[in-house]
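The values are calculated or read from the model by the stated rules, or taken from the named source; none is laboratory data. Note that this is a predicted model, so its numbers are computed, not measured. Counting neighbours? That spans all protein chains shown, and the Cβs are built from the backbone with ideal geometry, glycine included. The protein model used for the area step is the full one, side chains on, heavy atoms only, and it has no ligands, DNA or RNA in it. Shrake-Rupley method; radii C 1.70, N 1.55, O 1.52, S 1.80 Å.
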Amino acid sequence: MQEFIYYNPNGIDFPLPEKIVVTDSLIDNSDFDYVVSNTKSIRSEITADEIDFYINYSKDPLSSKIKNVEKLYEANAIRFDLAQDIVFKQEISNKVLLVCNNEQKKEILKSMVPDEFDLFQISEEIIKEINGHIGNLSILVDDEGKDVELKVDQIIWFDEKDLGMKQSGCFDPLKTSIDDVLANIRTNITNYEYKKFTTYDKTICQYHERREEICGKCAEVCPTVAIVKDDEQKHLEFSQIDCHGCGGCISVCPSGAIEYAPSSRESISEMSRFYEGQIPLVIPEKMNIGSLAVKLKENILPFKIEGEKFLHEATLLTLLQESGSQVIFYTDFLSKGTRDSISILNQIYQAKYQKDAILLAMTKEELVNAIEEVDFVENSKYKLNDMEMRKREIFAIRLSNIVGEDDLGVVTTGEHVHYGHVKVNESTCTLCLSCVGACNVNALIADTSDNTLRLNASLCTSCGYCEVSCPEGNCLTIEQDVIKLTPAWFKEEILAKDELFPCVECGKEFATTKAIEKIAAVMGPIFKADPVKERTLYCCEDCKPKIMMKSYMANPEGYNNKEGVSL
Ligand code: SF4
Ligand code: SF4
C-alpha cells in the first residue's frame, strides 16, 4: 500500500516522487486508505491542505518545489506516526433541552421535522447547575423551591451564559444560526467522536498532591470544564470529551507535565528536521489555509498545526534552531503561554542576533509584510536529539547553545511563563534538604560528594514550592521572572555547603554541622542539668540510647532523682 496521494482534477504540471500517487480521479482511489493526502476528498488519516497552498503560491524553483512537496508529505507522516490522539465514540440520544422563550421555541420548531427530537423547554432563570458532558448532561433546576434534576444529551441555549459555554453539548443559535445548530445536533446524534488531546505526567505536575496550591495554570486557562482541580486531594481531573483541543493548557504548563497528544514535543522536533534550510510559516488549522491566497517568497514552507494555542518556548525554539531561520506565526488568536514564549524568544534573539525570532502575523496584511521581512538567521542553526528530554531541559540546552560564553544580559519573563533564580542565605541554611525534596524538576539537588546544595537555574520553574517547604526563616527566596543569559545560568551553582558532623562517641558522620549546632543551641540549655543527656545532642542515633542506658544502669536511683530529668 502507498502512503501518500496527491489529487487534483486538473493534474499537476511537474513530476512528484514515485512514493506519491498522483491522480485526477476520485473513483480510482475510493477503495484505498492513505496516510497523507492533499485534500479531504480522499480518504486519508491526515489532510495536508498546505501542500496545495505551497504548490499554488510558492516562488521556489521547480526542483525545490518537488523536494519540498515530498518534505510536506514526510513531515505529516511523522505527525501521524507520533500522534497519541486516540479517537473515542460517544452515544448521543435525541433528548434535547431548549433554554429559550416561547417565541424562540416556535422558530426552532419551524426548522425541525415534527418529533425529530425529544424536547424539553425551560427558562434560564431556574438553572442552578450543569454537570456531565455531551451525551450525558445533568441540569439541576429550581422547580418552585424544589431541586429537580433533568437528564438530556444536548442543549440549545439562546444567548447562553457561562455555565453553558464551558460545557460540551451546549449550542447557542445566536452565535451561528438555528439551522447550523440543528445540523450540528443531528450530526452528533448519528456520529459523535472525540479525541484525546492531552497527555499528562503527574510526577512533574506542580499541583499534584502538593501541600499547598503551587500551580493550577492549566485549569485556569482552560475555557471548558476539560481540566478541573480536586482541591481536597490536589489531583487534576481531565475530561477529554469536554476538551476543544486548543492546547492553551500546554503552553502555560511550566514543567511540561501536560503534552499535546496530536503533536507532542517529540513530533514537533522530528517534523522540524524537514525544515532545515527552509523558513517555517506556522499556520493553525483554524486559519483555513485552503482559502488563503498569499504569494510565498523562496524558501518559505508552511508548517500546519492542529490547535492554535499549544506552542511554547521549547517547541518554538526547536523549530527556530532546526530551520536556522526566523519563523512566521500566522494566527488570529494567541494563547497566554504562546504570547509570553514569543516575547521571551524575541528578547533572546534580539540580544544575540539583533532580530526577532518569531514574526507574528494576525491579519492577512501582516502576513504579507512578514513574508517580505522574514529571513534566515546566520549561525542560529543547532541540531539536538531531544528524545526523552523534558520541556525545560530542551529549552535550557538549546538556549545555552545561543548564549555560549557570552554575557547577553537579562530576559524578563512574562505573566504566564515563569523562570527564576533561587537564592539561599547560607548563614541560616542548615542543609536539611527539604527544598530538594520539594523540587520535582531536579532544579535543586543535593551533592553528597561535597555536602553541597546546588541549583541549576535553567531548569527552575520558579514555582515557589521550595520556598514554602523551607523550615528556616529568612533563608530561601526566589528572584522571579528572569532568565540570565550567561554561561553560569546553565551550570550547577552551589547555594550552600557544610561539613558533616562526626558522632562524639563513634565518630560516624551523621548530620550537617550547622544542623547539630542549631539543635544544640535550642536544646543545650534545657539539658544542661544532665551532662550525659547534653552529650546525646552530639551523638548519632545509635549511640544516643547507648549512652543514656549506660548512665541509667550506673545509677538508677540517683538518675530518677535528678531534677528535671527522667527516662
Ligand atoms: S500547568 Fe502543568 S504543572 Fe501546573 S497544574 Fe497543570 S499540569 Fe500541573
Ligand atoms: S527550585 Fe524551587 S522554585 Fe524552582 S522548580 Fe524547584 S521547587 Fe520550584
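Here are some notes:
- Breaking point among (1) away from ligand 2 (no atom under 16 Å from the Cβ); (2) assigned to a loop (DSSP other than H, G, I, E, B); (3) modelled with pLDDT under 95, for Y194: (2)
- Residue match in region 143-162 (condition: of a type in the set (D, E) and in contact with an Asp or Glu (Cβ under 8 Å, 6 or more places away or on another chain)): yes
- Subset of region 464-512 (residues that are open to solvent by less than 40 Å² (accessible area, probe 1.4 Å) and among the β-branched types (V, I, T)): I478, V482, I483, T486, T512
- Every pair of residues 6+ apart whose Cβ atoms lie under 6 Å, when the first sits in region 321-337 and is under 13 Å from A361 (Cα atoms) and open to solvent by less than 10 Å² (accessible area, probe 1.4 Å) while the second is modelled with pLDDT under 95 and not in a strand (DSSP E or B): T331/E308
- For region 195-218, the criterion of being in contact (Cβ under 8 Å) with a residue 24 or more places away in the chain and more than 16 Å from ligand 1 (Cβ to nearest atom) is met by at least one residue.
- Of everything listed in (1) away from ligand 2 (no atom under 15 Å from the Cβ); (2) surrounded by fewer than 17 Cβ atoms within 10 Å (Cβ to Cβ); (3) within 24 Å of C218 (Cβ to Cβ), the single unmet condition for G409 is (3).
- Residue satisfying all of: in region 21-62; closer than 10 Å to Y7 by Cα and among the β-branched types (V, I, T); most open to solvent (accessible area, probe 1.4 Å) among these: V22
Residue-wise test of (1) in contact with a Cys (Cβ under 7 Å, 6 or more places away or on another chain); (2) among the charged types (D, E, K, R).
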| position | (1), (2) |
| --- | --- |
| V228 | no, no |
| F238 | no, no |
| C246 | no, no |
| P254 | yes, no |
| I258 | yes, no |
| I268 | no, no |
| M271 | no, no |
| K286 | no, yes |
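- Here C466 meets each of (1) more than 16 Å from ligand 1 (Cβ to nearest atom); (2) assigned to a helix (DSSP H, G or I) with one exception, condition (1).
- The set of residues in region 120-142 being surrounded by 13 or more Cβ atoms within 10 Å (Cβ to Cβ) and part of a loop (DSSP other than H, G, I, E, B) consists of I134, G135.
- If you check M165, M112 for being modelled with pLDDT under 95, aliphatic (A, V, I, L, M) and under 36 Å from the mean Cα position of the chain (by Cα), only one passes: M165.
- Neighbours by Cβ (under 6 Å, 6+ apart or cross-chain): first from region 240-268, under 16 Å from T461 (Cβ atoms) and within 16 Å of ligand 2 (Cβ to nearest atom); second β-branched (V, I, T) and in a helix (DSSP H, G or I): V252/V221; S255/I204; A257/I204
- Meets criteria (at pLDDT 95 or above and over 13 Å from the mean Cα position of the chain (by Cα)) for K234: yes
- Residue list for region 343-361, filter: open to solvent by less than 10 Å² (accessible area, probe 1.4 Å), over 11 Å from Q326 (Cα atoms) and within 22 Å of the chain's Cα centre (by Cα): I344, I348
- Residue pairs meeting the criteria (Cβ under 9 Å; at least 6 apart or on separate chains; first at positive phi, in region 445-465; second open to solvent by less than 40 Å² (accessible area, probe 1.4 Å) and assigned to a strand (DSSP E or B)): N451/T512; S462/G420; S462/H421; S462/V422; S462/I478; S462/V482; G464/G420; G464/I478
Okay, residues lined up against (1) among the acidic types (D, E); (2) closer than 23 Å to N102 by Cβ; (3) surrounded by fewer than 13 Cβ atoms within 10 Å (Cβ to Cβ):
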| residue | (1), (2), (3) |
| --- | --- |
| E144 | yes, yes, yes |
| Q167 | no, no, no |
| C170 | no, yes, no |
| N188 | no, no, no |
| D201 | yes, no, no |
| E212 | yes, no, yes |
| Q233 | no, no, yes |
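- Look at region 131-147: where a residue is at positive phi and a partner is surrounded by 10 or more Cβ atoms within 10 Å (Cβ to Cβ) and part of a strand (DSSP E or B), sitting 6+ places away or on another chain with Cβ atoms under 9 Å, you get G132/S138; G132/I139; G132/K151; G135/Q90; G135/Q154; G135/Y192.
- Search result, residues across region 94-129 that are within 21 Å of Y192 (Cβ to Cβ) and basic (K, R): K95
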